[in-house]
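Structure first, commentary second.
The values are calculated or read from the model by the stated rules, or taken from the named source; none is laboratory data. For clarity, every value in this text was computed on a predicted model and none was experimentally measured. Reconstructed Cβ throughout: ideal geometry from the backbone, glycine too, with neighbour counts over all protein chains shown. What goes into the accessible areas is simple: the full protein's heavy atoms, side chains included, and nothing from ligands, DNA or RNA. Shrake-Rupley method; radii C 1.70, N 1.55, O 1.52, S 1.80 Å.
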Amino acid sequence: MTMIGTASAQVARFRIEDPLPDELKGRVAELMHSERAEDAEAAFRAAKVDDGHLWRKHGVLLLRVETGCDDDLCMVIIGQVTDQAIVPRLTLRAGPTITVGDELVKIWGVVSSLFIFEGREGLKIHVWSRGDKWLADACGDCSFGSGARSKEDPLPPPSIKSSE
């Protein structure tokens, strides 16, 4: 885990690459049978987690399934760990690296923290923790935590982009 910091905020960058801990194997196997019925066994064998403090302290599991991927974009599940199961809260296709900061932002009346996932061709996927619910935001070249695109490099309108 790499820590980058300023006086106002701390940022951690890490990969979802740890093997499944024994205490999660049964719950992940059940989750794969419900989320990936056609290849549940292969998905279970290819499952990686972030085995840090998130799921142990806060019950939030970052699970990556490294089979059936499109290049480096694989199934990533953000799940709530309970005594009986892992309840999926958000599923997306993303790269293995995540950036998380300690900056909290109020979104629609709920204090939220930001997780940034890698998307296709350098694009980022901002994912906001809102208690036990999650919000995904496609975010191009946003700066960390701002949610605003750079004005210097606007995207072309859809009609121009689709004709190229």
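When only alpha carbons of region 1-103 are considered, Rg and Dmax amount to 14.1, 49 Å.
When Ser112, Ser129 are compared by accessible surface with a 1.4 Å probe, the order from highest to lowest is Ser129, Ser112. Here the label points at Glu30 and Trp108, each 7 Å from Cα along the C-beta direction, are separated by 2.9 nm in the simple model.
On full extension of the chain, what length is gained from Thr97 through Lys133, given 0.36 nm per residue of separation minus the C-alpha to C-alpha distance?
Values: separation 36, 0.36 × 36 = 12.96 nm, distance 2.12 nm.
Contour length minus the Cα-Cα distance gives 10.8 nm.
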